[in-house]
Amino acid sequence: MANQSTVNPNSYTYSDAGVDINAGNALVEAIKPIAASTARPGADAALGGFGGLFDLKSLNYQDPVLVAANDGVGTKLKIAIDSGRHETIGIDLVAMSVNDLIVQGAEPLFFLDYFATGHLDVSVGRQIIAGIGEGCRQAGAALIGGETAEMPGMYAGADYDLAGFAVGVVERSRLLPRIDVNEGDIILGLASSGAHSNGYSLIRRLVLDQGLDYAAPAPFAHEVSLAEALLTPTRIYVRSILEALRRSGAIKALAHITGGGITENVPRVLPKHLSAVFTLDSVEVPPVFRWLAKIGGIAPAEMLRTFNCGIGMIVVVAAESASDVTAHLRASGETVFEVGHIVDRAGGDSVIYRGDLRLEV
């Protein structure tokens, strides 16, 4: 009789295929304190169940409308991977979704993430989730769940991908954009923190063509490495805008300036009969964009439809409310510029640029 303890040489385990269940369990345990730190009314942010719970009734909304958004980080991830800097990429993940929620006036409630990799490194995973936790704290959202997928053969080496899902709530009567956006309204621009999470395929192409090292000092910010400068996390505008909405109620429309820049995103929140006029020389263009325009020979029109060029969020208000809203936003830490106004479209373009973008280095 064969020895029953003999191991079948053709017997495989999941780890033989490249999936380490123990590493996955270790990551869950490592991130439980991160999730707990994002607890808020309606959610204790505990992990471990098959689904995350949120008690909407605890918020006392009278006529609530739920708003959902999802997004990723795009090829900015490759800079994090290539440079080994994973601490802030999770903030970007949260920002791209919660900034879309606030555009409709919604308070972010909770967030879920999807983290897929070819080989799960618990230390790297924890850094990524720590960034997600920080983004959730900045936005006031609870991290109530997520999924980690180890997928050998799908992702090479240390590569990984991220996706994020956010849900918010707003009273039906306070949904944005409002129907009273009118000719003569003022456009305010909230400063971005850099390239945020858009245009990175072009950025990476320029870095490659220039033969630059991510570990070397950034040509436009010598005090930090190029990787650190380009990985500056996306600014989260949630708390400042919520505060302005609560204090003044004067914001008529918001536009999150992501892929497509001002050119493509502002028309999404305007009535079809109106156009937005932007005075380009009123925009403070950060050094990273001036550098990109110079080394890439990028035309201003291409800059404006690829990058945020220094404006991460657009705020539309009545002319008589502009100074009040500006004061509230600045009190919350935002840098605010008056960048344009609303006019009758009269068959023209939905976005009209006047003056020149300040791209000189």
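The values are calculated or read from the model by the stated rules, or taken from the named source; none is laboratory data. Keep in mind that what you see is a predicted model, and the values were worked out from it rather than measured. Positions of Cβ are generated from backbone atoms using ideal geometry, with glycine treated the same way; all protein chains shown enter the neighbour counts. Surface areas here come from the heavy atoms of the whole protein model, side chains and all, with no ligands, DNA or RNA. Shrake-Rupley method; radii C 1.70, N 1.55, O 1.52, S 1.80 Å.
The table that follows gives values for the structure above.
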| item | result |
| --- | --- |
| Some residue of the stretch 322-341 being in contact with a Lys or Arg (Cβ under 8 Å, 6 or more places away or on another chain), open to solvent by 20 Å² or more (accessible area, probe 1.4 Å) and modelled with pLDDT under 95 | no |
| Residues satisfying the stated conditions in the stretch 179-205, i.e. assigned to a helix (DSSP H, G or I), hydrophobic (A, V, I, L, M, F, W, C) and open to solvent by 20 Å² or more (accessible area, probe 1.4 Å) | 202 |
| Members of the stretch 42-59 that are closer than 16 Å to residue 106 by Cβ and over 23 Å from the mean Cα position of the chain (by Cα) | 42, 56, 59 |
| Residue that is farthest from the chain's Cα centre (by Cα), among those in the stretch 148-173 that are modelled with pLDDT of 95 or more and open to solvent by 60 Å² or more (accessible area, probe 1.4 Å) | 173 |
| Residue list for the stretch 346-357, filter: touching a strand residue (DSSP E or B) at 6+ places or on another chain (Cβ under 6 Å) and open to solvent by 80 Å² or more (accessible area, probe 1.4 Å) | 354 |
| Residue satisfying condition, being open to solvent by 80 Å² or more (accessible area, probe 1.4 Å) and modelled with pLDDT under 95, within set 53, 47, 27, 66 | 53 |
| The listed residue being surrounded by 19 or more Cβ atoms within 10 Å (Cβ to Cβ), in a strand (DSSP E or B), modelled with pLDDT of 95 or more and not polar (S, T, N, Q), out of 143, 176 | 143 |
| Near pairs, Cβ below 8 angstrom, 6+ apart or cross-chain, from the stretch 275-286 (among the charged types (D, E, K, R)) to any residue that is open to solvent by less than 10 Å² (accessible area, probe 1.4 Å) | 284/310 |
| Sole exception among (1) in contact (Cβ under 8 Å) with a residue 40 or more places away in the chain; (2) surrounded by fewer than 19 Cβ atoms within 10 Å (Cβ to Cβ) for residue 222, by number | (1) |
